[in-house]
Structure formats: C-alpha cells, structure tokens
Amino acid sequence: MFVVFDTRKPLSEKRYFKTKAGAKRATTCANRNAGKLIYNFVEASCFYEKYEAGTKTVRSLMTGKEVIIPKDTPRCCDPSTETFWSM
C-alpha cells in the first residue's frame with residue numbers, strides 16, 4: 001500500500017494506492033496540475049512512522065461520553081459532529 005500526500009500538510013490531504021506504479025502516476029499528475037512539486041508518495045508503513053497522527057478526545061453528541069479518535073479523522077466519521085449522526 002502506498003500513500004500520495006501533499007508535503008505542505010501531509011495528514012490532511014492523502015490518497016491510498018495498492019501499487020507503486022499507481023501512486024507514482026497520481027503523484028506526477030497531481031504535481032503537473034499544481035504547477036510545482038508539492039506531492040510525494042511513500043509506502044504506508046513509512047508514512048505513518050514519519051507522520052504520526054496522534055489522537056484527540058471528543059464528546060459524542062448522542063451519548064455525551066468522551067471518545068478517543070485519531071486526529072486525522074474526517075468530520076463524517078467524528079461522533080462529535082452532527083454529520084456523523086445524520087448519515
């Protein structure tokens with residue numbers, strides 16, 4: 001598994017690919033569209049060693065209990081948001 005990410009904000013903008021060739025092609029296209037070299041790719045295990053996301057504590061809207069989630073959790077998967085409970 002490979003991760004293509006924005007080097008300016010690696011934890012917020014990333015995409016996953018099964019093959020190295022797919023990740024390399026996506027990186028090349030993304031850099032071409034951006035007009036400069038801001039995207040890169042690495043193996044997923046190396047990515048998570050270098051860019052550790054960590055965790056945060058949020059309060060669930062429905063239960064009121066505190067829940068520990070990864071910092072890079074999207075809003076749709078965060079139990080402290082209305083979006084999570086309306087899906």
Checking K36, K14, K20 in turn, the sole residue that is among the charged types (D, E, K, R), surrounded by 11 or more Cβ atoms within 10 Å (Cβ to Cβ) and farther than 21 Å from D72 by Cα turns out to be K20
Which residue is surrounded by the fewest Cβ atoms within 10 Å (Cβ to Cβ), if the candidates are limited to region 39-55 and must be hydroxyl-bearing (S, T, Y) and in contact with a Pro (Cβ under 9 Å, 6 or more places away or on another chain)?
T55
Can you tell me how many residues within region 14-55 are hydroxyl-bearing (S, T, Y), assigned to a helix (DSSP H, G or I) and either touching a residue at least 60 places away in the same chain (Cβ under 8 Å) or within 9 Å of V4 (Cβ to Cβ) (or both)?
1
Scan of region 40-69 for residues that are touching a Ser or Thr at 6+ places or on another chain (Cβ under 9 Å) and under 23 Å from A26 (Cβ atoms), ordered by number:
N40, F41, A53
Screening V3, V58 for residues that are surrounded by 11 or more Cβ atoms within 10 Å (Cβ to Cβ), of a type in the set (V, I, T) and touching a residue at least 24 places away in the same chain (Cβ under 8 Å) leaves only V3
Residues located in region 62-77, provided they are at pLDDT 90 or above and surrounded by 11 or more Cβ atoms within 10 Å (Cβ to Cβ)
V67
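The values are calculated or read from the model by the stated rules, or taken from the named source; none is laboratory data. Treat the numbers as computed from the prediction; the structure is a model and nothing was measured. Ideal geometry is used to build each Cβ from the backbone, glycine not excepted, and the neighbour counts take in all protein chains shown.
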